[in-house]
């Protein structure tokens, strides 16, 4: 990990840009803290420059509650090389939606599964580097982004002990099957009128999630209309689960992607 910028923002937030190999990322921490801050990984649908204002607002809310927050660019997002196969799958998905046709499972698989296979190891590598930094500690949480990535991380990454998932992405059947293996606490947000996404698919995924503690917060409105108070609810969720356990600093050796994005 190499830091490329370091600045102090308002409200006691320190923001650092970094690169992890060729992957750009951002880290926000309390400007001063007596002990390492639990880490929340902030997922997003890709394109850090475009997503920055929303990510910053989420990060500021995390830091205000005593957490560190970090994110990395997704494969194919921002200035990272695009995937011709992913672009074709996205075009096929948009074509089906525009025609009012069902989106075929094979289209969803072509769009989402390769992204999950590449992105999840990158998030785990970022977690390795971030938890080794002074001022950043475990346990860790994951919040938002492509829900299929969140599901896979919740299954395979033991350092993530709680996750907030944004429902609404198209989800491959293989990921729904994986969801039954999740055991960590989950807080799921669903926009009831999310344009271009399948509400029933989101409800079916929630039903499949294997966690004994899972909560669904459904609100009226479109994709970007999540009410402000849901941020407070999310911070309370993470406070319950990230501030009670022992620090975790090493790995066990052993999706929202709306059609317009």
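The values are calculated or read from the model by the stated rules, or taken from the named source; none is laboratory data. The structure presented is a predicted model; accordingly, all values stated were derived computationally and were not measured. Cβ sites come from the backbone with ideal geometry, for glycine too, and all protein chains shown count toward neighbours.
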Count of residues meeting criterion [over 21 Å from the mean Cα position of the chain (by Cα) and buried (at least 18 other Cβ atoms within 10 Å of the Cβ)] in the range 98-132 = 2
Would you check if there is a residue in the range 162-182 being at pLDDT 80 or above, touching a helix residue (DSSP H, G or I) at 6+ places or on another chain (Cβ under 7 Å), more than 25 Å from residue 93 (Cα to Cα) and surrounded by fewer than 21 Cβ atoms within 10 Å (Cβ to Cβ)?
-> yes
For the range 3-14, pairs from a residue that is at positive phi to a residue that is part of a strand (DSSP E or B) and surrounded by 10 or more Cβ atoms within 10 Å (Cβ to Cβ), with Cβ under 9 Å and 6 or more apart or across chains, are 12/30
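Yes or no, residue by residue, for (1) part of a strand (DSSP E or B); (2) within 21 Å of residue 65 (Cα to Cα); (3) in contact with a helix residue (DSSP H, G or I) (Cβ under 8 Å, 6 or more places away or on another chain):
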site	(1), (2), (3)
3	yes, no, no
7	yes, yes, no
14	yes, yes, no
19	yes, no, no
24	yes, no, yes
27	yes, yes, yes
32	no, yes, yes
35	no, yes, no
40	yes, yes, yes
For the range 140-158, enumerate the residues that are in contact with a helix residue (DSSP H, G or I) (Cβ under 8 Å, 6 or more places away or on another chain) and either surrounded by fewer than 21 Cβ atoms within 10 Å (Cβ to Cβ) or under 22 Å from residue 57 (Cα atoms) (or both).
-> 140, 141, 142, 143, 144, 146, 147, 149, 155, 156, 157
Would you check which residues across the range 67-94 are touching a helix residue (DSSP H, G or I) at 6+ places or on another chain (Cβ under 9 Å) and not in a loop (DSSP other than H, G, I, E, B) and list them?
-> 68, 69, 70, 71, 72, 85, 86, 88, 89, 90, 92, 93
From the set of residues in the range 203-233 that are part of a helix (DSSP H, G or I), under 20 Å from residue 152 (Cβ atoms) and in contact with a helix residue (DSSP H, G or I) (Cβ under 8 Å, 6 or more places away or on another chain), which is modelled with the highest pLDDT?
-> 208
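Sort out which residues of the range 160-202 are part of a helix (DSSP H, G or I) and more than 21 Å from residue 115 (Cα to Cα), and write them in order of number.
199, 200
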